[in-house]
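In what follows, a structure is listed as C-alpha cells, so that the remarks can point back to it.
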Ligand SMILES: Cc1cc2nc3c(=O)[nH]c(=O)nc-3n(C[C@H](O)[C@H](O)[C@H](O)COP(=O)(O)OP(=O)(O)OC[C@H]3O[C@@H](n4cnc5c(N)ncnc54)[C@H](O)[C@@H]3O)c2cc1C
C-alpha cells in the first residue's frame, strides 16, 4: 500500500477548510485545527455576520426611498415627510440573534462537510514545534480547548490562521461602547450616534449599514475620501450618497484617542477637535495571527508586517510549510484565501496547479450602492501599468434603473487598445456583486468588447449597460482602426 500524505492545517477559515476538502478528496489524511470553530473569522465574526446585518440594512434603505421613488406607503397613509418619526425601525437584538444563529449554523455545516469528506477536525490551538525532521516530517503541537495536548505528525503543514482587528493604544475596545467589528453583534439596541473610525471597506460597509438601520453616523477618515483603495469614481459616488443621506463624513481626520465618557464616547482627532457619540466602532485594519506559533523557528520568513511570505503556489520559505489567506496579507478576501488554500493542496499532492492570479479576482464593497470590481483598475491605467481605454456609463440612462428608481451608479469597462480585450471593470449599483460576473468571465477568458457587445441582454435590465459600454468601446475602437 502506498504512503498516505499526512496534512495538518492550522486555522479553519476559508483558507483552511477549503484546503481540507481538496486534500480529503485527493486522498490525503487531513486534520484541521481551529481554536474558534470551522469557517473561521470569515464565518463567525467577519464576512458572514456583516453581510447578514447588511441584508437587514438593505431592506431599510429600500423602505427609506420607497415613498419618494416608488410611491409606497408604509404603516399608515401619512406621507413620510409629515411624520415625526420613521414608521419602519429595526429590533437590533433580533437582527443580531439571527446573525449569530446563521453564523453558527454555517460553521456547523462546514464542519460536517469536512468530516464527511474524511477530514479530522480538532478544536484547539496549533503551533509548529521546531525544524523539519531528518525524515522530512513536521510536528504540530495542539492544545485542545479541554486542556489536553496532542502532537500531530505531518508531511506538510498549511498555516491559515487569519487575522484579528488592529487596536490603537489610546482607543481600547470595551465591548460595550468602544467596539471592534467582532463585538457589534452583542449590541441589543441600535447605537443612537455611531462614530466609525476608518473609511476602508470595513468602515464604509458598517457606516452605511448603521446609517440605514437608523443610527446617526459620523465616519472619520484619515484620507481625502472614503474607500481610498477603490476606484475613485466609485468612491466619489458612495461618498456623495453617504452625505446625501445625512452621514457626517469627516475627511483628513485622524482619530488619536477614543475614551468612554459615561454612557457615551469621546473621540479626539489629531488636530485637537473632539467629537462625541453614543458608540464608536474601530475599523483601522487588522493584524495577522502569526505570533507565538513557532513560525520563524521553523524557517518561515515573516514580512515586517508580520504576514507570512508566500510564492504564487502558497509555499513559504520553509520546506513542507504552506500558507494561505489573511495571514499572508496577499489580498484580504475569503475567495482569495480559499484559492490559496486549494492551490497549496494541489501543489503538495502533485495535482495540476495554476499559480494564483490576482488580476482576475472579483471583489465587492457591500454598501448601498455596492461597488464591484474585477481585473485592472483605474489606478493601473492612470499609472501606465497597462495601456487600456475606458468608457463609463451612468446608470441614470439605463431604462431598468429609471423604472426602479436607481439614481446612483455606473458601469465602467477597461479594454486594451487594438485588440479590444476586456482587462477590467467596475460596477456601482444595487447588487453590483451579481452584475460583475459577466465582466469577470470576460477578463478571465480574454474576451473582447465585440464579444460582450454581441451577446443578448434582457430588455430592460441593468446588465444592458454592460453591453452598451462594450458597444461604445467597440465603436471607438472601430473608428480608430479606420483612421
Ligand atoms: C468585517 C469584515 C467583512 C468581510 N467581508 C468579506 C466579504 O464580504 N467577502 C470576502 O471575500 N471577504 C470578506 N472579508 C475578508 C475575509 O473575512 C477574510 O479574507 C477571510 O476571513 C480570510 O480567511 P482565512 O482563512 O485567512 O482566515 P480566517 O477566516 O480569519 O480564519 C482563521 C481561523 O484560524 C483560527 N486560528 C488562528 N490562530 C490559530 C492557531 N494558532 N491554532 C488554531 N486556530 C487558529 C482563527 O481563530 C480563525 O478561526 C471581510 C473581513 C471583515 C473584517
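Derivation of every value follows stated rules applied to the coordinates shown; laboratory data play no part. These numbers come from a predicted model, not from an experiment. Positions of Cβ are backbone-derived with ideal geometry, glycine not excepted, and every protein chain shown enters the neighbour counts.
Taking a label point 7 Å from the Cα of residue 480 along the Cα→Cβ vector, which residues of the stretch 399-426 have an amide N closer than 19 Å to it?
Under cut-off, by backbone N: 412-426.
Can you check how the C-alpha radius of gyration of the stretch 141-188 compares to 2.2 N^0.38 Å, as a plain ratio?
Relative to the rule-of-thumb radius for its length, the stretch 141-188 sits at 1.78.
When the chain is fully extended, how far beyond the present Cα-Cα distance does residue 25 get from residue 454, taking 0.36 nm per residue of separation?
Extra length available between residue 25 and residue 454 comes to 150.4 nm.
Arrange the peptides 250-262, 194-206 so that the one whose residues have, on average, the most other Cβ atoms within 10 Å appears first.
194-206, 250-262
Hey, rough spin-label estimate for residue 304 and residue 69, points 7 angstrom out along Cα→Cβ, what's it come to in nanometres?
4.6
Kirkwood Rh over Cα pairs of the stretch 178-284 into Stokes-Einstein at 25 °C, 0.890 mPa s: D in µm²/s?
180
Between residue 441 and residue 379, what length in nm is gained on full extension when 0.36 nm per residue of separation is reduced by their alpha carbon distance?
Using 0.36 nm per residue and subtracting the Cα-Cα distance, I get 20.2 nm.
Please label the shape of the chain as rounded, prolate or oblate, based on the square roots a ≥ b ≥ c of the eigenvalues of the alpha-carbon gyration tensor (a/c under 1.5 means rounded; beyond that, a/b larger than b/c means prolate, else oblate).
Details: a/c = 1.89, a/b = 1.24, b/c = 1.53.
It comes out oblate by the Cα gyration axes.
Is the shape of the stretch 344-422 rounded, prolate or oblate, going by the alpha carbon gyration tensor and its root eigenvalues a ≥ b ≥ c, with a/c under 1.5 for rounded and a/b larger than b/c for prolate?
Details: a/c = 2.90, a/b = 1.64, b/c = 1.76.
Oblate is the answer for the stretch 344-422, as a/c is 1.5 or above yet b/c matches or exceeds a/b.
In the stretch 193-215, which residues have a backbone nitrogen under 11 Å from the label point lying 7 Å from residue 252's Cα in the Cα-to-Cβ direction?
Within reach of a label on residue 252: no residues.
With every atom except the alpha carbons ignored, what do you get for Rg and Dmax of the stretch 369-482, in angstroms?
Considering the stretch 369-482 through its Cα atoms, Rg and Dmax are 13.3, 40 Å.
In nm, to one decimal, how far is the residue 100 label point from the residue 392 one, both placed 7 Å along Cα→Cβ?
4.3
What is the antiparallel percent of DSSP beta bridges lying wholly in the chain, to the nearest 5?
Bridges in the chain that DSSP calls antiparallel: roughly 60 percent.
Summing -39500 (n - 2.57) over the DSSP H runs of n ≥ 4 in the chain and dividing by its residue number, what mean residue ellipticity at 222 nm do you reach, to the nearest 500 deg cm²/dmol? Mind dumping the intermediate values first?
On the way: 13 runs with 155 residues, N = 483.
Rounded to the nearest 500, it is -10000 deg cm²/dmol.
If packing is taken as the average number of other Cβ atoms within 10 Å across a peptide's residues, how do 212-218, 8-14, 88-94 rank, most packed first?
Working: 212-218: 21.4, 8-14: 31.0, 88-94: 14.6.
Per-residue Cβ counts within 10 Å, averaged per peptide and sorted highest first, yield 8-14, 212-218, 88-94.
Using a ≥ b ≥ c from the Cα gyration tensor of the stretch 99-176 (square roots of the eigenvalues), is it rounded, prolate or oblate, where a/c under 1.5 gives rounded and otherwise the larger of a/b and b/c decides, a/b for prolate?
Values: a/c = 2.42, a/b = 1.33, b/c = 1.82.
Here the stretch 99-176 falls in the oblate category.
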